[in-house]
Amino acid sequence: MSVITIERKVLEKNDEIARLNRALFAQHGIFALNFVSSPGSGKTSILERTLEHLIGRVRIAVIEGDVQTDLDAQRVAKYNVPVVQIVTHGGCHLEAKLVYDALTRITLDNIDLFVIENVGNLVCPANYDLGEAMKVVVMSTTEGEDKPLKYPGMFRNSTVLLINKIDLLPYVNVKLEKLRQNAFQINPSLIIFETSCTTGAGIPEWCDWLVKKVPAAE
Ligand code: MG
Ligand code: ZN
């Protein structure tokens with residue numbers, strides 16, 4: 001059996017479980033999003049700012065995917081939202097089965113918005129459907145304007161791009177316009193927000209857009 005065949009079988013099995021997750025979310029009227037990015041782009045900080053903005057407007061639960069620690073889950077737990085930590089022990093992406101197991105440990109009846117923070121990695125999380133309604137790719141301005149071209153799968157499979165750390169633009173050799181062009185070249189329908197967790201720029205715009213996706217918030 002070739003490697004390609006094995007990989008296809010793994011992904012088929014994953015898609016099957018992702019459908020179960022999607023059905024669970026639908027049954028409970030939950031909107032689920034999957035945050036993906038390379039390490040250090042600011043996913044957890046974006047999540048914290050998003051929680052600050054949306055707590056009280058929608059009921060939120062979080063799954064934290066991490067290779068080794070529960071540091072991000074501890075940051076999120078401060079907001080008093082249900083949070084389940086998945087430690088992959090070296091695994092470089094979340095799989096639908098891991099999310100399914102986490103979902104069995106949360107009371108889904110009281111949740112409107114489910115946020116999954118994936119493992120920091122711009123490659124394989126693009127291929128693993130977790131049952132989410134959309135992927136949100138976070139990219140820091142420090143990563144360079146060529147990332148959409150170098151990791152097209154991730155940008156093609158995402159609905160939203162958050163260009164984060166825009167407060168650092170004066171200090172890095174990155175042209176925002178070029179970065180946007182590269183992203184649109186890979187995925188013309190990407191919805192882009194420019195954010196900074198330090199200044200708070202772009203966070204209200206992102207959150208107001210997101211909350212409109214949540215059925216219970218209408
Ligand atoms: Mg994180
Ligand atoms: Zn992986």
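Laid out as a table, the results:
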quantity	calculated
Net length gained if the chain between C92 and T142 were fully extended (0.36 nm per residue, minus Cα distance)	15.8 nm
Under the Karplus curve 6.51 cos²θ - 1.76 cosθ + 1.60, θ = phi - 60°, whole-Hz ³J(HN,Hα) for the range 118-129, x wherever Gly or Pro sits	6, 5, x, 4, 8, 9, 5, x, 5, 8, 9, 5
Anisotropy class of the range 38-81 from Cα gyration tensor, a/c 1.5 cut	prolate
Computed FRET value (nearest 0.05) for R8 with D101, which takes r as the C-beta separation and R₀ as 30 Å	0.80
Peptides 91-99, 193-201 ordered by average Cβ neighbours within 10 Å, highest first	91-99, 193-201
Calculated log₁₀ intensity ratio I(q)/I(0) where the Debye formula runs over C-alpha points of the range 2-217, q = 0.11, 0.15, 0.16 Å⁻¹	-0.50, -0.96, -1.09
Under 5 Å, built H, 5+ apart or other chain: amide partners of I116	L33, N34, F35, I63
Residue-level accessible surface for L71, protein heavy atoms, 1.4 Å, Å²	110
Per-residue ³J(HN,Hα) for the range 94-102, Karplus 6.51 cos²θ - 1.76 cosθ + 1.60, θ = phi - 60°, Hz, x for Gly and Pro	8, 10, 4, 4, 4, 5, 4, 4, 5
Gyration tensor (alpha-carbon) shape descriptor, the range 1-98, a/c threshold 1.5	oblate
Among G131, G56, G153: highest mean-square fluctuation, GNM of the chain, C-alpha pairs under 10 Å	G56
Per-peptide average of other Cβ atoms within 10 Å, ordering 34-42, 205-213, 121-129 highest first	34-42, 121-129, 205-213
Amide H partners (placed H, <5 Å) of D70, local residues excluded	none
Accessible surface of the chain, 1.4 Å probe, proportion on carbon and sulfur as whole %	53
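The values are calculated or read from the model by the stated rules, or taken from the named source; none is laboratory data. Here the structure is a predicted model, which means the values were calculated and not measured. Every residue, glycine among them, receives a Cβ derived from its backbone with ideal geometry; neighbour counts consider all protein chains shown. SASA here: full protein model, heavy atoms, side chains in, ligands and nucleic acids out. Shrake-Rupley method; radii C 1.70, N 1.55, O 1.52, S 1.80 Å.
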